[in-house]
Structure formats: C-alpha cells, structure tokens
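Computed from the coordinates by the stated procedures, all read-outs in this text should not be read as laboratory data. Nothing here was measured: the structure is a model prediction, and the numbers come from that model. Virtual Cβ from ideal backbone geometry, glycine too; neighbours counted across all protein chains shown.
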Amino acid sequence: MKIGDCRPLGHLAAAADQFIPQGRVVHIQEYGNGNVHDTFLVTLESEGEKHFLLQRMNTQVFRQPDLVMKNMRTFTDHARKRLERIPLSVGRRWETPRVLSADDGRDHWTDPCGSFWRAMSFIERAQSFDAVQNEEHAREVGTALGMFHSLISDLPPESLADTLEGFHMAPRYLRHYDQVLAEHGARETPEVDYCRQFVRARRTFAAVLEEARAQGRLCLRPIHGDPKVNNVMIDTVTGQAVSIVDLDTIKPGLVHYDIGDCLRSCCNPLGEETERWEAVRFESDLCRAILQGYLSLARAFLIPNDYAYLFEAIRLIAFELGLRFFTDYLEGNVYFKVRHTEHNLRRALVQFKLTESIEAQEKSIRAIIRDLR
Ligand code: GN1
Ligand code: MG
C-alpha cells in the first residue's frame, strides 16, 4: 500500500471508506469537542443509516487501542443481551452505540502511516450539550448514568481489560504532578501560585477513595470512566436521555469515579471551558436532580458504604481533574488537546473553583445524599 500523506489526517477519506456498510460518503466534518481523539461525523448517501462516527484514536493516551475495542465489544454485546432479557427502559428510548466493522471484518483500520481508526454508529434524532441546560436536563443525565451502571452491573469487572492504568486514581496523578514540578518547575504568576497552594492543601485528601478501596470498603465494578454532560445524548423531541456515548474508558473502577465525574461536569452551568473561572459555582439543585435520576435506578445495586463516600467522590473528582489539567499545563500540554498555551491552566482554575464551591456546601450536599438514599 502507498504510504501517501502522513499528516495526522492524511488518510481521513480512505479511513471513512473502510467502514461504509452501504452507500457512499458524501461529507465528512469534525464533530464534538473531545480532548483526546480526533472525531468526525461521516454522512452517507445510502438506503440505510445516514451517518456514522469516525475516530482517529490517540494512541499516545490509549497505548493498547485493540484492548479498548475489545472492552467496547464486551460492553455493547452485554448491554444488548441484557436489554433483551430485562427491559430496563420500558416506555423510554434507549440505544447503545454499535462498533462498526471495517471491510476486512476487523473493528479498526490502521492507515499506512500507523494511525488507528475506528467507527461507531451514530445516535440519530439526539443531541448533546457542553453545559447543563436546566434541572430536567440534569435529571436525565443522572438517569442515563443509572441506566449505564444498571446495564453493566452484572458484568464481572474481570471481563474488562485495564486499558488506562491509574485512570482516576488521584494519588497517582499527585505523584505525576510532583515529578513534573521537579522536572519542569513552574512560572510564578498569581494563578499558578493559587493552583500550587490549592493542591498542597489537599494532598492527604487525594487518597480517600483509593484507601477505602484498599480497605475493602469500596469494590471494583465496571465503569464508564467519562460520563460528562456532553457524553449523554438527549432526544431532540422528548428531551429524554437516549444514550451515553464515548465508550473508551469502560473498564474496572469505582462507580464513585463516574458519579463524581458526572456531578463535577453537570453541576457547573458555566461549563468546563468557561473563561469566567472566577464565577464558577457548584449548583446543589442540579446535584439533587442528577442524583434523583441516578438513584432511581442505582438504588437497586448500591450498598451502604457506596453512599458513605459519595460526597468525597464529588469533591475528589473535581479536584483530580483540576490537578490533571494543571499538571498538563506545567508539562507543556502533552495530554489534553489545547487551543492556546494557557488553556489547561484556565481549565484547572475552573475545576479548582468548583472544588472550593463543593467544599463550601459540604453540609447541604451531604444532606441531599442523606435525603435521597
Ligand atoms: C477527556 O477526550 P474526552 O473529552 O472524552 C479525558 C477525561 C476528562 C475530560 C475532560 C481518556 O475526555 O478523563 O474528564 O477530557 N479522557 C481521558 O473534559 O483522559
Ligand atoms: Mg472520553
């Protein structure tokens, strides 16, 4: 095969051609705001499905992309069978994205320059939002996470590979931060000083979930890993959640990572990309709505210890994401895609402000959790 154009997207059109079930490609456009992969919406002229999602995976982050695909297959097969057996979604539309096969029957295509491409079915008549719209939306996002956890709750975690070692383990992010700081140093600006001080004051706290796990108080389960607001698809007519997408980080973990991630993302109406980081606040009414939606399904499988660590999870995952962004800023933006050199610093400030707001409302957030159990 000719190597051709080895710029990252040099084989975009050829990649799309590998996955067409029928018809022909009429349009390819960039899609979504993912921070890791390059994602495209492919439009087809076809009697059947009119769109699919094409992604060039970031194999610097996901070092074993074939294991990611294997986990995705394990989940989608399990979810399909489970929904046939137990119709969790009575009276509601619910769809699981499908992994599409390439022409040669494999679940990915490697282009001549080594890029890893894969495709997923597109959820039609649905949209996602980068920030929460209102309480109803928040409740639906919570319900979607509850659906997902219910669907996967009887899948043994050992059937999933650990595709991203250390993902959501806060003490490991702290160790990496220390190394980066020692190696790269940090400029002395008021924002950087604020962040460093912020991390310093929460070092012990960072281990709270991992210690609980080591003590056997929390157990490993299959998780989504990235249930942020824009990974939940909302039906354009009914406003109900119809799918949770982005299945890359399905792997064994703590449901607390997911709940914390969903809340840090959804209870911040300014969104994680806001420039107005000083105005960021955690909205506890949205928190209540999400947990109502989530627990309506999750009560069936959560145990008392799970509730005992919910507040810590909410506080920790916001802090952890801030730490991840801040570290990446210090390291020269090697992990998250950025639009400018200070982008990850801005993102870190947003998450730290959110963490502060969570801390300031500890009492009322704990009361919400207590009331909803
Ligand atoms: C990354 O690539 P994307 O946008 O789906 C990151 C998540 C973060 C998120 C913040 C594998 O997700 O952990 O919460 O950015 N994914 C990975 O927006 O690190
Ligand atoms: Mg993701």
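Any idea what the dipole of the chain comes to, in debye rounded to 20, about its Cα centre with Lys/Arg Cβ at +1 and Asp/Glu Cβ at -1?
Working: 47 positive and 53 negative charges, 156 e Å.
Dipole of the chain, to the nearest 20 debye: 760 debye.
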- Message: Which residue fluctuates most in the GNM of the chain (Cα springs below 10 Å): 45, 136, 320?
- Response: 45
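Fewest first, what order do 6, 266, 287 take by the number of other Cβ atoms within 10 Å?
Numbers: 6 12, 266 27, 287 23.
Least crowded to most crowded, the residues run 6, 287, 266.
Grab the other residues whose beta carbon is less than 13 angstrom from that of residue 63, score K and R as +1, D and E as -1, and report the net.
On the way: positive: none; negative: 66, 162, 165, 248.
Charge balance near residue 63 sits at -4.
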- Pick from 35, 71, 268: which residue has the top mean-square fluctuation in a GNM of the chain where Cα pairs under 10 Å get a spring? 35
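Provide the gained length on full extension for the span residue 7 to residue 308, in nm with one decimal, where the gain is 0.36 nm per separating residue minus the Cα-Cα distance.
On the way: separation 301, 0.36 × 301 = 108.36 nm, distance 4.95 nm.
Contour length minus Cα-Cα distance gives 103.4 nm.
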- Between residue 176 and residue 360, the two model label points (7 Å from Cα along the beta-carbon direction) sit apart by a distance in nm of 3.0 nm
- Query: Which loop GluC sites (Glu not before Pro) in region 185-238, with loop taken from DSSP, have no more than 11 other Cβ atoms within 10 angstrom of their Cβ?
  - Reply: 188
- Task: Place a +1 charge on the Cβ of each Lys and Arg in region 12-123 and a -1 charge on the Cβ of each Asp and Glu, then give the dipole magnitude about the Cα centre in debye, rounded to the nearest 20.
- Result: 620 debye
- Length added when fully stretched, residue 154-residue 237, from 0.36 nm per residue minus Cα-Cα: 26.7 nm
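When Lys and Arg each count +1 and Asp and Glu each count -1, what net charge do the other residues less than 9 Å away from residue 152, Cβ to Cβ, add up to? Show your work: numbers first, answer last.
Details: positive: 82, 221; negative: 154.
Local charge sum for residue 152: +1.
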- Message: Of 207, 348, 39, which is farthest towards the positive pole of the chain's charge dipole, taken about the Cα centre with +1 and -1 on the beta-carbons of Lys, Arg and Asp, Glu respectively?
- Response: 207
- Message: Would you work out the Kirkwood radius for the chain? I mean one over the mean of 1/r across all pairs of different Cα atoms, in Å.
- Response: 21.5 Å
- Item | Charge dipole magnitude, Cβ of K and R +1, D and E -1 - region 125-284, Cα centre, debye nearest 20 | 480 debye
- How many nm is it between the label spots at residue 189 and residue 135, if each spot is 7 Å from the Cα in line with the beta carbon? 3.9 nm
- MRE, 222 nm, helices only [DSSP H, n ≥ 4, -39500 (n - 2.57), over the chain, to nearest 500]: -14000 deg cm²/dmol
- Which aspartates and glutamates does residue 228 reach when only Cα atoms under 12 Å apart count, and residues fewer than 8 places away in its own chain are ignored? 130, 246, 258, 261, 272
- Item | the chain: most fluctuating residue of 346, 213, 106 per GNM, C-alpha cutoff 10 Å | 106
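Averaging sequence separations of C-alpha pairs under 8 Å and six or more residues apart, then dividing by the length of the chain, give the relative contact order as a whole percent. Intermediate results must be reported in sequence, preceding the final value.
Details: 628 pairs, mean separation 69.4, N = 373.
Reported as a whole number, the value is 19 percent.
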- Label-point gap, in nm, between residue 83 and residue 165 - each point 7 angstrom along Cα→Cβ: 3.5 nm
- Net +/- balance of residues flanking residue 134 in space, Cβ distance below 15 Å, scoring K and R +1, D and E -1: -4
- Taking the dipole about the Cα centre of the chain, with the C-beta of Lys and Arg at +1 and of Asp and Glu at -1, give me whichever of 223, 67, 121 is farthest to the positive side. 223
